[in-house]
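Working notes for the structure below.
Readers should treat all values here as calculations from the given coordinates under stated rules, not as data from a laboratory. Model, not experiment: these values are computed from the prediction. Reconstructed Cβ throughout: ideal geometry from the backbone, glycine too, with neighbour counts over all protein chains shown.
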Amino acid sequence: MSDRPILPPRLKRGDTIGLFCPAGPVRDVQRLQAGIKLIEDVGFAVKVRGPVEQGEGYLSDSDERRAEHLHALWSDEEVKAILAIRGGYGCLRMVEQLDWELFRRQPKFLVGFSDVTVLLNGLVDRSGLVALHGPMVSTLARSGEQGVASLFSLLTGEFKERIKPKGVEILRGGTGRGRLVGGNLTTLVHLLATPWELAWDDCILVLEDTGEPLYRIDRMLTQLALGGRLQRLAGLVLGDFDTGTDELANLRLQEEVWSRVLELAAPGYPIWARFPLGHRERNLTLPIGMEAVIDSSAGTLQLHPESVTLA
């Protein structure tokens, strides 16, 4: 990881945002259209690369073509930032085909979460760029006013450095400072022992997941702990963990996850839960690669823009 990742240039109203599917195909055309309308209503133009019709398989296109779509949008001088349309699975399949030097030479924001976790952390480690963990086009319209505002404030450089979300559970107090890393738990575990594994030590790790039963989450967290990945963190932030629409089942799952995390995590760093981040409606945007301070007594996550270099 670069000592001072590059913060890509801020966007202005009227700029063009590129859209593509880096992994799975479109599942809900109406959600896609609603997301595009919201982007345009906020004041940005869009440019789409690759297929966006509703797909049946689990990949939106071949690995080569998906990589080409990303390269084309990144090379396009008119495109100032790139939003993933949705996640699914597939980013891991194309990482070796991506031109990480291109990304570094022409800094731009890439936004997404879930399977896009691969690309976000790869941009920090391989290209030295800050990337945005936040809503995708297909989830944007249901992200709520706060989620939409969080995304576009970071894209335009108008964000508040002090984040104090409501409803956060302080599982273990304390203060820590480190670079924000992480994202989807399942995706991060699949990066272990590969050249694409992120740097864990002295970082504030963010974790979320969806559709995974407790025993699988337990298994993945246990693997991280046994592998030493939870030993030297600066902080741990847990977003949403859910199995569907049953709110009581989701609450029980989250509490079991919190309990297991407290059993596994090494002492010495703060642990938060219920941070508004993940596959549900609450999904604040975070700058992966930027340093932050997690302060349990104040209940704040303080971003530190001076830890990055402006493009």
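Descriptive notes on the structure:
- Bridging of LYS37 to lysines at a Cα separation below 23 Å is possible for LYS12, LYS47, LYS80, LYS108, once same-chain residues fewer than 8 apart are set aside.
- Computed from backbone phi, the HN-Hα couplings of the stretch 186-196 come to 4, 5, 5, 5, 5, 8, 4, 6, 10, x, 9 Hz, rounded to whole numbers (Karplus: 6.51 cos²θ - 1.76 cosθ + 1.60, θ = phi - 60°; Gly and Pro given as x).
- Amide proton proximity set for GLU212, modelled H, under 5 Å, gap of 5+: ASP242
- Label corresponding to Kirkwood radius over Cα pairs in Å when calculated from the structure given, among [x] 19.9; [y] 20.6; [z] 19.3: [z]
- Amide H contacts under 5 Å for PHE109, placed H, 5+ residues apart: ILE82
- Estimated translational diffusion coefficient (Stokes-Einstein, Kirkwood radius over Cα pairs, 20 °C, 1.002 mPa s) of the stretch 141-205: 144 µm² per second.
- With K and R counted +1 and D and E -1, the other residues having a Cβ less than 13 Å from that of GLY35 yield a net charge of +2.
- Net charge, PHE275 excluded, C-beta distance under 10 Å - Lys, Arg +1, Asp, Glu -1: -1
- Computed on the stretch 162-310, the Cα convex hull volume stands at 107 Å³ per residue.
- Extension gain, GLU96 back to THR245 (0.36 nm per residue minus Cα-Cα distance, nm): 50.0 nm
- The stretch 6-155 - charge dipole about Cα centre, Lys and Arg +1 at Cβ, Asp and Glu -1, debye rounded to 20: 400 debye
- DSSP bridge orientation in the chain - percent antiparallel, rounded to nearest 5: 35 percent
- Value of D in µm² per second that Stokes-Einstein yields for the stretch 6-155, Kirkwood Rh from Cα pairs, at 4 °C (1.567 mPa s): 86 µm²/s
- The stretch 13-25 - phi-based ³J(HN,Hα) in whole Hz, Karplus 6.51/-1.76/1.60, Gly and Pro as x: 4, x, 5, 9, 10, x, 10, 7, 9, x, 9, x, x
- Here the dipole of the stretch 162-310 is about 280 debye; that uses its Cα centre as origin and unit charges on the Cβ of Lys and Arg (positive) and Asp and Glu (negative).
- Separation of the stretch 138-176 from the stretch 62-99 is 25 Å, based on Cα centroids.
- With the highest mean first, a sort of the peptides 164-170, 277-283 on other beta-carbon atoms found within 10 angstrom per residue produces 277-283, 164-170.
- Dipole of the stretch 162-310, positive end: most advanced residue of HIS279, ALA292, GLN231 [Cβ charges, Cα centre]: ALA292
- Value of [θ]222 nm, deg cm²/dmol, for the chain, DSSP H segments ≥ 4, -39500 (n - 2.57) each, nearest 500: -9500 deg cm²/dmol
- Near ARG10: Cβ cut-off under 10 Å, other residues only, Lys/Arg at +1 and Asp/Glu at -1. The net charge is 0.
- Evaluated with a Cβ-only charge set (Lys, Arg +1; Asp, Glu -1), the chain carries a dipole of roughly 540 debye about its Cα centre, given to the nearest 20.
- For the stretch 107-114, 3J(HN,Hα) per residue [Karplus equation, 6.51 cos²θ - 1.76 cosθ + 1.60, θ = phi - 60°, Hz, x = Gly/Pro]: x, 9, 7, 10, 10, x, 7, 6
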